[in-house]
1. Got a sec? Which of ARG20, ARG30, ARG6, ARG48 is modelled with pLDDT of 95 or more and among the basic types (Lys, Arg)?
2. Residue under question is LEU89, and the condition is that it be open to solvent by less than 20 Å² (accessible area, probe 1.4 Å), within 17 Å of ILE23 (Cα to Cα), aliphatic (A, V, I, L, M) and at pLDDT 95 or above; does it hold?
3. Considering only the stretch 38-75, how many residues are farther than 29 Å from GLY148 by Cβ, of a type outside the set (Val, Ile, Thr), open to solvent by 30 Å² or more (accessible area, probe 1.4 Å) and in a strand (DSSP E or B)?
4. Would you point out which residue out of THR100, THR108, THR63 is among the hydroxyl-bearing types (Ser, Thr, Tyr) and in contact with a helix residue (DSSP H, G or I) (Cβ under 9 Å, 6 or more places away or on another chain)?
5. With respect to THR100, is the statement that it is modelled with pLDDT under 95, over 13 Å from the mean Cα position of the chain (by Cα) and within 27 Å of VAL144 (Cα to Cα) true?
6. With (1) in contact (Cβ under 8 Å) with a residue 40 or more places away in the chain; (2) of a type in the set (Ser, Thr, Tyr); (3) open to solvent by 20 Å² or more (accessible area, probe 1.4 Å) as the list, and THR17 as the residue in question, which single condition is left unmet?
7. Filter the stretch 8-27 for residues that are in a loop (DSSP other than H, G, I, E, B) and touching an Asp or Glu at 6+ places or on another chain (Cβ under 9 Å); which is farthest from LEU89 (Cα to Cα)?
8. Tell me the helices (runs of 4 or more DSSP H) entirely within the stretch 162-255 that contain at least 1 residues that are out of contact with any His (no Cβ under 7 Å at 6 or more places or on another chain), within 30 Å of ALA104 (Cβ to Cβ) and open to solvent by 30 Å² or more (accessible area, probe 1.4 Å).
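The values are calculated or read from the model by the stated rules, or taken from the named source; none is laboratory data. Here the structure is a predicted model, which means the values were calculated and not measured. Note: ideal-geometry Cβ built from the backbone for every residue, glycine included; neighbour counts use all protein chains shown. The protein model used for the area step is the full one, side chains on, heavy atoms only, and it has no ligands, DNA or RNA in it. Shrake-Rupley method; radii C 1.70, N 1.55, O 1.52, S 1.80 Å.
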Amino acid sequence: MAVESRGHLNPGAPEVTLDRAPIGLDDLVRWVWTARWDVPPGRTVRQRVLQYPAFNLVTDPVTATLHGPRTGVDVRELAGRSWVVGVLLRPGATPLFTATAPAALRGTAEEVRGAPVAELTAAVAAGDPAATVRDWLAPLADRVTDAGRLVNRACALAESRADVLRADQLAELVGVAPRTLERLVRGHIGLTPLWLIECRRLQHAAAVLRTDPGTALAGLAADLGYADQAHFTRRYRAVLGETPGATRQAARAAG
């Protein structure tokens, strides 16, 4: 079953194929994603992603790395012909893959030892890397702690509840004190509970402006709970590196 992502800010490049699928390890993995590209010589394809607030395990034909989340847009220039297989981890899974403090990995990466790189290379060629990922990670599924499951739930609520605009509201929903939620979220993904909420709002805004560029900015800002359009525009530009108007203009040009 394919799944949709709001994080990919410019999908649809004909040279790039991106597939996502859940694998049933719900406490551990959100989905497996596979990117394949074949770009003619002398050209590059620019991919922009506002990442979900979680870690990604990323395997290419040579190595596997654990990537920490960013609080800004991640830009990759793709050239030639290759692939990567990524695993979007649930926050509760992070301590199972690194002893490094999550905040120290924010916006960077470290190598993952023991990843089945050769097996994944063969699985990509066969068209089914998800099964190989599932076999690799299944033994870890029972090691997610209660604290990890609480952070998983907090992240899911922050993403799905449009009425949650403050960290204290999120803490109340998961049944812990705000300081406790802050400590647990930072301890698993190196980010704040407030960023979980902000990421949802900005991913949603970018998706709306890309798919419906005629959307009124003042109305969108109000729907997302910003005090006014100016505040929304400042936050959008600070994180995505362009104004909402620029996103809308690019969507119109592409359409």
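1. One residue alone meets the criteria, ARG30.
2. So LEU89 fits the description; yes.
3. Summing the residues that are farther than 29 Å from GLY148 by Cβ, of a type outside the set (Val, Ile, Thr), open to solvent by 30 Å² or more (accessible area, probe 1.4 Å) and in a strand (DSSP E or B) in the stretch 38-75 gives 3.
4. Exactly one of THR100, THR108, THR63 is among the hydroxyl-bearing types (Ser, Thr, Tyr) and in contact with a helix residue (DSSP H, G or I) (Cβ under 9 Å, 6 or more places away or on another chain), namely THR63.
5. No.
6. THR17 satisfies all of (1) in contact (Cβ under 8 Å) with a residue 40 or more places away in the chain; (2) of a type in the set (Ser, Thr, Tyr); (3) open to solvent by 20 Å² or more (accessible area, probe 1.4 Å) except (1).
7. GLU15
8. Hits in the stretch 162-255: 167-174, 178-189, 193-211, 229-240.
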